[in-house]
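First comes the structure, then the notes that go with it.
The values are calculated or read from the model by the stated rules, or taken from the named source; none is laboratory data. The structure displayed is predicted, hence computed values, not measured ones. Methodologically, a virtual Cβ is constructed for each residue, glycine included, from the backbone with ideal geometry; neighbour enumeration extends over all protein chains shown. SASA here: full protein model, heavy atoms, side chains in, ligands and nucleic acids out. Shrake-Rupley method; radii C 1.70, N 1.55, O 1.52, S 1.80 Å.
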Amino acid sequence: MKTISEHKCFGGVQGYYSHASKEIGLDMKFSVFRPPQAKSGKVPVLYYLAGLTCTEETFAIKAGAQHIAAELGLMLVAPDTSPRGANVPGETDSWDFGAGAGFYVDATCEPWAAHYRMYSYVSAELPAMIAGKFPADADRQGIFGHSMGGHGALVCALRNPDQYKSLSAFAPIAAPMRCPWGKKAFKGYLGDEHAAWQEYDASELIRRARFAGPILVDQGLADKFLSDQLYPEVFEAACRDAGQPLTLRRHEGYDHGYFFISTFMEDHLRHHASQLTA
């Protein structure tokens with residue numbers, strides 16, 4: 001692991017790091033906020049998955065999470081959103097597929113399969129490395145995310161219910177098999193077999209894989225992607241049918257960006273802390 005930079009922040013440390021990833025086959029970057037409580041021992045760790053076009057820096061810079069995380073004693077980890085420098089033909093041709101758009105799946109189609117393995121990276125390799133290199137309590141992990149990252153957080157938690165103790169999302173792509181972003185990503189990374197797509201669609205997974213705790217989702221009603229890309233109502237209905245506790249809050253006037261996210265960040269951190277520090 002290589003330290004890129006570290007900065008004192010709310011009594012803790014905001015750092016940026018890189019390491020050679022076996023899953024990705026390339027160096028991957030990630031950010032970690034260590035709260036002041038980490039000086040005395042292991043603390044709960046909360047993983048944040050960012051959305052399309054974002055990097056490991058976006059959350060740390062824009063979300064305004066560190067001051068509440070310092071109060072609550074939560075470590076915050078945010079990986080990059082895709083491999084970088086894989087040199088796959090076409091990976092930089094569009095903003096919603098390829099570089100910056102790994103979609104948190106393990107690609108099975110060529111030429112993506114060798115490097116685009118973000119699901120295994122964020123759910124297995126990265127947590128193992130964080131537990132080994134930082135004072136993170138691996139028995140108290142939570143996960144949340146935004147948009148594409150909200151999709152990733154829901155999928156990771158539903159597929160690994162024993163690993164994550166808390167779950168939330170901001171404006172997630174909640175039914176990716178139905179929307180243009182999801183169809184493009186799934187077809188490109190996974191091929192035409194819809195059974196493979198279902199393994200990465202939270203609205204499908206919830207029908208057979210309930211999460212043990214309550215799920216919190218916030219959605220802005222002025223979000224320009226709401227009607228054709230996000231489908232929170234599909235996930236809401238699937239949760240209701242499955243008996244999954246879900247709080248889906250809809251907010252007038254809020255859009256898809258980090259002004260919306262930062263407004264409700266404290267609610268999400270306290271939601272996670274209530275389960276991770278119980």
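Calculate, for Glu110 and Ala20, the FRET efficiency according to 1/(1 + (r/R0)^6) with r their C-beta to C-beta distance and R0 22 Å; round to the nearest 0.05.
That pair, Glu110 with Ala20, gives E of 0.45.
At a probe radius of 1.4 Å, what is the per-residue accessible area of Trp197, in Å² to the nearest 10?
20
P(r) of the chain in 5 Å steps, Cα pairs, percent per bin?
1, 6, 14, 19, 20, 18, 13, 7, 2, 0, 0
Among the lysines, which fall within straight-line cross-link reach of Lys8, defined as a Cα-Cα distance under 16 Å, with same-chain neighbours fewer than 8 residues apart omitted?
Qualifying lysines at Cα under 16 Å: Lys39.
Once amide H atoms are placed 1.01 Å from N in the peptide plane, what residues at a sequence separation of 5 or more from Leu167, or on another chain, have their amide H within under 5 Å of its amide H?
Ile143, Leu216
How much length would be gained if the chain were fully extended between Thr247 and Lys183, taking 0.36 nm per residue of separation minus their Cα-Cα distance, in nm to one decimal?
20.4 nm
Could you work out the relative contact order of the chain? I mean the mean sequence separation of Cα pairs under 8 Å and 6+ apart, divided by the number of residues, in percent.
Contact order relative to length: 17 percent.
Could you sort the peptides 228-235, 208-215 by per-residue average Cβ neighbour count (10 Å cutoff), highest mean leading?
So the peptides 228-235, 208-215, ranked by packing, come out 228-235, 208-215.
Using modelled amide H (1.01 Å from N, peptide plane; none on Pro or chain starts), what sits under 5 Å from the amide H of Val13, excluding residues fewer than 5 places away?
Correct list: Arg34.
How many percent of DSSP beta bridges within the chain run antiparallel, rounded to 5?
DSSP beta bridges in the chain are roughly 45 percent antiparallel.
Relative contact order for region 1-141: what is it in percent, counting Cα pairs under 8 Å that are at least 6 residues apart?
Dividing the mean separation by the residue count of region 1-141 yields 25 percent.
Taking 0.36 nm per intervening residue step and subtracting the Cα-Cα distance, what contour gain separates Lys39 from Lys133 on full extension?
Result: 32.5 nm gained on full extension.
Go ahead and estimate [θ] at 222 nm for the chain from helices alone: -39,500 (n - 2.57) per DSSP H run with n ≥ 4, summed, over the residue count, rounded to 500.
It lands at -8500 deg cm²/dmol.
Counting only protein heavy atoms and a 1.4 Å probe, tell me what percentage of region 198-247's accessible area is made up of carbon and sulfur.
The value for region 198-247 is 48 percent carbon and sulfur by accessible area.
Using a simple charge model, +1 on the beta-carbon of Lys and Arg, -1 on the beta-carbon of Asp and Glu, nothing else, what dipole does region 174-234 show about its Cα centre, in debye to the nearest 20?
Magnitude of the dipole: close to 60 debye.
For region 1-137, give the percent of accessible area contributed by carbon and sulfur heavy atoms, probe 1.4 Å, rounded to a whole number.
51
Roughly how many Å² is the accessible area per residue of the chain, as a whole number, for a 1.4 Å probe?
Dividing the accessible area of the chain by its residue count gives 39 Å².
Does region 189-278 come out rounded, prolate or oblate by the C-alpha gyration tensor, with a ≥ b ≥ c the root eigenvalues, rounded set by a/c under 1.5 and, if not, prolate when a/b is larger than b/c and oblate if not?
Oblate.
Sort out for me the Cα centre separation of region 212-278 from region 159-206, rounded to whole Å.
Each part reduced to its Cα centre gives a spacing of 16 Å.
Calculate, for Lys224 and His194, the FRET efficiency according to 1/(1 + (r/R0)^6) with r their C-beta to C-beta distance and R0 22 Å; round to the nearest 0.05.
Calculated transfer efficiency: 0.20.
For an R0 of 25 angstrom, estimate the FRET efficiency from the Cβ-Cβ distance between Arg210 and Thr263 and round to the nearest 0.05.
0.30
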